[in-house]
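Engineer: Below you'll find the structure I mean.
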Amino acid sequence: MAKLTTLEEFIVDRQQEFPYASGELSGLLSSIVLASKVVNREINKAGLVDITGSAGEENVQGEEQQKLDVYANEKFQAALESLGEVCGVASEEDDDFVAFKSKEALNGKYVVLTDPLDGSSNIDVNVSIGTIFSIYRRQSEPGKPAELRDFLQKGTEQIAAGYVIYGSSTMLVYSTGHGVNGFTLDPSLGTYYLSHPDLKTPSNGKIYSINEGNIQLCEKGVQDYVEKCQDEKKPHKARYIGSLVADFHRNLLKGGIYLYPATTKAKNGKLRLLYECNPLAFIAEQAGGRATDGHQRIMEIEPKELHQRTPYFIGSEQMVKDLEACL
Ligand code: P6P
């Protein structure tokens, strides 16, 4: 029986890979891990207690804010604030970023951007959902509250990024820029074990993930690409869960492409650059994949505002290149 490596052991083993003061970044990742275990526990009993109903308010997506969204957002922010290494957090659930005020946090060297519970409309139909996070070094001087410029950084500046998928099992997948590693939670022990070391995504694949209900609203190049996927000579598989983290994770492991293009109704697409597209692009590229808005590398986009959207094509390198060739 191969030795099981816990996430904590892995972080210690790989300390030297953290490009910055290792203790801080590993502490930061550990606080995200702790929050993910707390959120996982609530998700697993969501059907039992009445916290899946909508909280009534709306988030920036204009979506009904499910109570679990609010819960997850609070848990991740509390875990990050108590750590002291993070000077602020930006979240899909909050219109503006949150600059932490405690003395240690004012000197925190990092900021975190997160979609605490993506795909939350899937909660009450028991479809897999996920947490996405992105970590940057602050740009503003320590000792003062975080500033907007700390959060509006290109994806190439990320020092770590990852996601948690609350699926048939709960997994944490992350990278600090030295490859991608996946960990599976043993809920009976509350311990994540290394289950997908040095994860690489297949360079090509047969799975395409798009909401085909929008296809008439997409530019011709996207329609042409989808038609190629439906060519009976080399049939592909249409797999679309409606939960980005779940679609992304399956495609990462099996090979595939996820498409959320601009449409005539949403000229910049639906997905958010900073806390959905950039972190998954970081993971995809570290695993040998590719992520683009159709014309440029996602991580090269210069952010202008916290919740800006972007057309999004991500997955196996050859499939994304084939898509770009159609645009
Ligand atoms: P549509 C969920 O709301 C989400 O942000 C992603 O998780 C998912 O891939 C996408 O939107 C689904 O959007 O328009 O196809 O329902």
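Engineer: Counting only residues 5 or more places away or on other chains, whose amide H sits under 5 Å from the amide H of THR5 once H atoms are built in the peptide plane?
Structural biologist: Those lying under 5 Å, H to H, from THR5 are LEU194.
Engineer: Of all alpha-carbon pairs in segment 207-326, indicate the percentage at a distance above 23 angstrom.
Structural biologist: More than 23 Å apart: 21 percent of the Cα pairs in segment 207-326.
Engineer: When ranked by the protection proxy of mean other Cβ atoms within 10 Å per residue, highest first, what sequence do the peptides 8-17, 304-313 form?
Structural biologist: Taking the mean over residues of other Cβ atoms within 10 Å, the ranking is 304-313, 8-17.
Engineer: Here's another thing I want to ask about it. Tell me the angle of helix 67-83 to the major Cα principal axis of the chain, expressed in degrees between 0 and 90 and rounded to the nearest ten.
Structural biologist: 50 degrees
Engineer: Another question about this same structure. Output the Cα-based Rg and Dmax of segment 7-196 in Å, rounding Rg to one decimal and Dmax to a whole number.
Structural biologist: Answer for segment 7-196, Rg first and Dmax second: 16.2, 46 Å.
Engineer: Right, here's the next one. Evaluate the charge dipole of segment 207-326 about its Cα centre and quote only its size in Debye, nearest 20, assuming +1 on the Cβ of each Lys and Arg and -1 on the Cβ of each Asp and Glu.
Structural biologist: Working: 17 positive and 16 negative charges, 52 e Å.
Dipole about the Cα centre, nearest 20: 260 debye.
Engineer: On alpha carbon coordinates alone, what is the Rg over Rh value for the chain, Rh being the Kirkwood radius?
Structural biologist: Using Cα coordinates only, the ratio equals 0.95.
Engineer: In what order, largest first, do GLU93, GLU285, GLU141, GLU74 sit by accessible area if the probe radius is 1.4 Å?
Structural biologist: I get GLU74, GLU141, GLU285, GLU93, largest accessible area first.
Engineer: Report, to the nearest 10°, how far helix 22-44 tilts away from the longest principal axis of the Cα atoms in the chain, using its own Cα long axis and a range of 0 to 90°.
Structural biologist: 70 degrees
Engineer: Run down the lysines and flag those whose C-alpha is under 17 Å from the C-alpha of LYS101, throwing out any fewer than 8 positions away in its chain.
Structural biologist: LYS109, LYS144
Engineer: Give me a comma-separated list of calculated 3J(HN,Hα) values for segment 205-214, in order, Karplus coefficients 6.51, -1.76, 1.60 applied at θ = phi - 60°, integers in Hz, x for any Gly or Pro.
Structural biologist: So the Karplus estimates, Gly and Pro as x, are x, 10, 9, 10, 10, 8, 7, 5, x, 9 Hz.
Engineer: With the full set of protein chains in place, find how many percent of the accessible area of the chain is carbon and sulfur; take the probe as 1.4 Å.
Structural biologist: 50 percent
Engineer: Separate question: Need the list of aspartates and glutamates near LYS37 for cross-linking: C-alpha distance under 13 angstrom, and skip anything on the same chain fewer than eight residues off.
Structural biologist: Answer for LYS37, where 13 Å is the Cα cut-off: ASP186, listed by chain and number.
Engineer: So what does the Cα-only Debye profile of segment 143-206 read at q = 0.18 Å⁻¹, as log10 I(q)/I(0), no solvent term?
Structural biologist: After summing over all Cα pairs, the log10 values are -0.82.
Engineer: Any of LYS45/LYS228; LYS3/LYS254; LYS103/LYS154 with alpha carbons more than 32 Å apart? Name them for me. Present the calculation step by step, with values, prior to reporting the outcome.
Structural biologist: On the way: LYS45/LYS228 42 Å; LYS3/LYS254 25 Å; LYS103/LYS154 28 Å.
In this structure, LYS45/LYS228 lie more than 32 Å apart at Cα.
Engineer: Using the crude model of +1 on Lys and Arg Cβ and -1 on Asp and Glu Cβ, and no other charge, please compute the dipole size for the chain relative to its Cα centre, in debye to 20. Working shown, then result.
Structural biologist: Working: 34 positive and 46 negative charges, 167 e Å.
Dipole of the chain, to the nearest 20 debye: 800 debye.
Engineer: Which of the trypsin sites (Lys or Arg not before Pro) found in segment 226-272 are in a DSSP loop and have at most 16 neighbouring Cβ atoms, other than their own, within 10 Å? Walk me through the numbers on the way to the answer.
Structural biologist: Values: sites: LYS228, LYS233, LYS237, ARG239, ARG250, LYS254, LYS265, LYS267, LYS270, ARG272; in loops: LYS233, ARG239, LYS265, LYS267, LYS270.
Passing both the DSSP loop test and the Cβ count: LYS233, LYS265, LYS267.
The values are calculated or read from the model by the stated rules, or taken from the named source; none is laboratory data. Computed from a predicted model, the values in this text were never measured in an experiment. Reconstructed Cβ throughout: ideal geometry from the backbone, glycine too, with neighbour counts over all protein chains shown. In case anyone asks, the SASA skips ligands and DNA or RNA and just uses the protein heavy atoms, side chains included. Shrake-Rupley method; radii C 1.70, N 1.55, O 1.52, S 1.80 Å.
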